[in-house]
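The values are calculated or read from the model by the stated rules, or taken from the named source; none is laboratory data. Here the structure is a predicted model, which is why all the values come from computation and not from measurement. Please note: Cβ atoms are built from the backbone with ideal geometry, for glycine as well, and neighbour counts cover all protein chains shown. Note: accessible area is taken over every heavy atom of the protein model, side chains too, but ligands, DNA and RNA are not part of it. Shrake-Rupley method; radii C 1.70, N 1.55, O 1.52, S 1.80 Å.
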Amino acid sequence: LYAYPAVPGVTPTNGDTMMLDRPPYGVPSKEAEQGTVFQGRKVPGLGSPHVPEAMSVWTVDLTTNRVVDRFKTGYQIGEMVEGTEIVGGASPNSVVVGNGLAYVSNATNDNVSVIDYQNHRLVGTIPIRVDRRIDGYRGLTPFGLALSPDGRTLYAALLAFNAVAVIDTKTRQTKGLIPTGWGPTRVALSGDGQTLFVTSARGYGAGPNGGAGFVNPPQGTYIGDIQLGTFQRIAVPDARTLATYTQRVIDNTFRTVEVTDDGRNPLPPAKGLRRSPIRHIIYITKENRTYDEVLGQLKTGRGDSTLARFGTDAAVAAITLAPALDHADVMPNHARIARQFAYSDNFYCDSDASIHGHHWMVGTIPNEYVEANAASAGRFNTFSKAPGRRFPKSTGSMDPEDYNEIGGLWEQLARNKIEFYNFGEANEFAGVWEERNHTNTGMRLPVIFPLPKALYERTSWNYAGYNTNVPDQYRMDQFEKEFTQKWLSGKDTLPPLVMLAIPNDHGAGARPGDGYPYVHSYMADNDLALGRTLHFLSRTPYWKNTLVIVTEDDPQGGVDHVDAHRSVLLMAGPYVKRGYASHTHANFGSILKTIYTLLDVGLVNQYDVTASWLGDFFTDQPDLTPYEAQLPDRRVFNPQTALDVYKKTFDWTKIQQGPKLDDPDEQRREHYKQKE
């Protein structure tokens, strides 16, 4: 969509002195199109998304090598469709050519554009419909296409629906669905038109990648390696067989579950029924852990304690300059929160890695652009003459190429006038510099990248996002200070949703001098930060109406005996059951469905609609007992050592006291002191 410009003035030798410490604008905006003055410098814009080069299909005359047509397929950014403004490009991706007509799949719009290439014009759009219960929502993501020899039947691989759609090109109706593996990418027909060939990127999924009885496969145990693509050979079905296939796809996707509203559960089954007593949600995102390695010791869950390397009473192997440890409590707060409140032993990340996870967790389905680039070996080079080297692929951010048709969580809340605020999520861009002194945002940008406009306007610029060189304890000081200034001492009220990224359980190399003698040290830092967050929040006036949701962006850092995608989901708050283990199947769609329903806004995509309802987590009998944070084993992580470089003091006594609320006498003294 865009050729991202280098930050003006940045050279190979002036380091981070000229880089930006945050994006200069959000998209869409006038500043993003035309440029702006930011931090005292004129920075260029990205241009218009409506230029012919963006999200378009071109026709090239191969006899002259000249472009003869430029088609803008699908819905256009800014257009109103079904009452909602389009914020994401159509993402046209695959073309199949028949006798006089060509067909283009638009991944973001769940439709196919029809081009009369002989007369050089767009002549129509074919919407892909699969089931009346979800046809009003996007998220099928059509990718590869194939056309029957007679041109009457179009086959579209639905990347995000695990099926191939069979479409009648004359009536422009979806005739049925053919089940596939996970993530179908390409579909082809035999020469006689009797056999379909389908490739699926993730095939049958992952399954376990550790535990008793697990045998390491030849390709390895990393989540991205253990999944094998599948190749299907399918006889073109007749009408009766297609009907059977279609029902199988629907059954594989969702089942209708009747949930009656008793009027008491704090999580209503759907929007518009009644107002929940939960008015504030703190959505905490972390990095890269599986269920077993953190919570596998919990007796009430389906865990494998032998894989709980980051649990309590754990053994820590010796590494250079650091001895082996026995009986170490690495992540005691995760276990304590799970035991005191509620957790899931049946939660699965839809993602393999951060490039997917940071999309999924905020309701932005990774489109075919993200999926196709996820495994590429893109090299970032700020000073390359090839603009693509300044943006090899998405990372932990949402980039304009990735935006869904009407966006995700941020856009849905903004258009419904639901306020939110973001600490550190979605600011991990390609090619950023991340040093330990980059504490205000965690990064320096040599290339100009934007944030989604709705998020840009509601993001803290004094919170270190993803940067494992910065301790999570430093982040907690930042979070507690800004929270206090804004919502305890300030005039503003805590918004309905606060997003908080605590990333150091991603792990990094050992840095003994900085307080991280083991990989486990990063986990302990992260655990203490999570414990501090609950400790702090549960001592604020907002706690009585607050829900805290804790999860991971992906599970790629560990192993699990049930499935490599199984990960951490914790919930805490007065209206969360005490000592409860949920066995309800859950994924990111389930989390988002919970958030949308509690905030009484509509669902956004088909994953939200088909997700499980997590009402079993909640009780109508609130328990206001605050959470008591626990220190991890200081042999594993000493928070003071981690903060020494910043000349900051880790004051555990002060932390235990909780937030400092307004004292009228102290405020009076400060008032008169300013008058002196």
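Tell me, yes or no, whether the stretch 43-59 has at least one residue that is β-branched (V, I, T) and over 31 Å from the mean Cα position of the chain (by Cα). Yes; the residues of the stretch 43-59 include at least one that is β-branched (V, I, T) and over 31 Å from the mean Cα position of the chain (by Cα).
Number of residues in the stretch 336-357 that are within 18 Å of L528 (Cβ to Cβ) and surrounded by fewer than 23 Cβ atoms within 10 Å (Cβ to Cβ): the value is 3.
For the stretch 236-250, a residue qualifies if it is assigned to a helix (DSSP H, G or I) and open to solvent by less than 70 Å² (accessible area, probe 1.4 Å), and the qualifying residues are T241, L242, A243, Y245, T246, V249, I250. Here no helices (runs of 4 or more DSSP H) wholly within the stretch 317-395 include at least 3 residues being hydroxyl-bearing (S, T, Y) and modelled with pLDDT under 95.
With respect to (1) open to solvent by 10 Å² or more (accessible area, probe 1.4 Å); (2) in contact with a Leu (Cβ under 7 Å, 6 or more places away or on another chain), the lone exception for V548 is condition (1).
Scanning the stretch 136-154 for residues that are touching an Asp or Glu at 6+ places or on another chain (Cβ under 9 Å) and surrounded by fewer than 16 Cβ atoms within 10 Å (Cβ to Cβ) returns G136, P149, R152. A54 fulfils the conditions (1) part of a loop (DSSP other than H, G, I, E, B); (2) at pLDDT 95 or above except for a single criterion, (2). Of all residue pairs spaced 6 or more apart or on separate chains, those with beta-carbon atoms under 7 Å, a first member in the stretch 190-205 that is closer than 15 Å to I234 by Cβ and assigned to a strand (DSSP E or B) and a second member that is among the charged types (D, E, K, R) and open to solvent by 10 Å² or more (accessible area, probe 1.4 Å) are T195/R233; F197/R233; T199/R186. If the condition is being assigned to a loop (DSSP other than H, G, I, E, B) and of a type in the set (K, R), then the stretch 104-135 contributes R129, R132, R133. Can you tell me which residues in the stretch 397-443 are free of Cβ contacts under 8 Å to residues at least 24 places away in the same chain and either surrounded by fewer than 24 Cβ atoms within 10 Å (Cβ to Cβ) or closer than 15 Å to A454 by Cβ (or both)? Of everything in the stretch 397-443, those that are free of Cβ contacts under 8 Å to residues at least 24 places away in the same chain and either surrounded by fewer than 24 Cβ atoms within 10 Å (Cβ to Cβ) or closer than 15 Å to A454 by Cβ (or both) turn out to be K417, N437. Among the residues of the stretch 501-548, the one identified as closer than 30 Å to D225 by Cβ, under 22 Å from the mean Cα position of the chain (by Cα) and β-branched (V, I, T) is I502. Being buried (at least 19 other Cβ atoms within 10 Å of the Cβ), of a type in the set (K, R) and either under 28 Å from E425 (Cα atoms) or touching a residue at least 24 places away in the same chain (Cβ under 8 Å) (or both) is true of R22. Please name all residue pairs, on different chains or six or more residues apart, with Cβ atoms under 6 Å, provided the first residue is in the stretch 342-359 and is at negative phi and in contact (Cβ under 8 Å) with a residue 60 or more places away in the chain and the second residue is open to solvent by 20 Å² or more (accessible area, probe 1.4 Å) and part of a helix (DSSP H, G or I). Final answer for the pair search is D350/W360; S351/W360; D352/G224. Can you tell me which residue within the stretch 211-228, out of those that are in contact with a helix residue (DSSP H, G or I) (Cβ under 8 Å, 6 or more places away or on another chain) and at negative phi, is most open to solvent (accessible area, probe 1.4 Å)? Taking the candidates together, the pick is A212. Restricting R458, R415, R436, R475 to residues that are of a type outside the set (D, E) and at pLDDT below 95 narrows the list to R436.
Counting residues in the stretch 560-580 that are assigned to a loop (DSSP other than H, G, I, E, B), among the hydroxyl-bearing types (S, T, Y) and open to solvent by 10 Å² or more (accessible area, probe 1.4 Å) gives one or more. For T546, the conditions (1) touching a Gly at 6+ places or on another chain (Cβ under 6 Å); (2) over 27 Å from R475 (Cβ atoms) are fulfilled apart from (2).
Residue count for the stretch 170-193, restricted to those that are touching a Ser or Thr at 6+ places or on another chain (Cβ under 7 Å) and either open to solvent by less than 20 Å² (accessible area, probe 1.4 Å) or among the acidic types (D, E) (or both): 6.
For G183, state whether it is closer than 17 Å to I365 by Cβ and either touching a residue at least 40 places away in the same chain (Cβ under 8 Å) or small (G, A, S) (or both). Considered against the rule, which asks whether it is closer than 17 Å to I365 by Cβ and either touching a residue at least 40 places away in the same chain (Cβ under 8 Å) or small (G, A, S) (or both), G183 comes out as yes.
Note on the stretch 404-432: residues that are closer than 28 Å to F380 by Cα and assigned to a loop (DSSP other than H, G, I, E, B) amount to 13.
For the stretch 305-334, the tally of residues that are crowded, with 21+ Cβ neighbours inside 10 Å and either under 27 Å from the mean Cα position of the chain (by Cα) or free of Cβ contacts under 8 Å to residues at least 60 places away in the same chain (or both) stands at 9.
Candidates G45, G9: the one that is part of a loop (DSSP other than H, G, I, E, B), over 16 Å from L451 (Cα atoms) and open to solvent by less than 50 Å² (accessible area, probe 1.4 Å) is G9.
Selection of the stretch 434-473 for residues being more than 20 Å from K393 (Cβ to Cβ) and in contact with a Leu (Cβ under 8 Å, 6 or more places away or on another chain) yields A454, T459, P471, D472, Q473.
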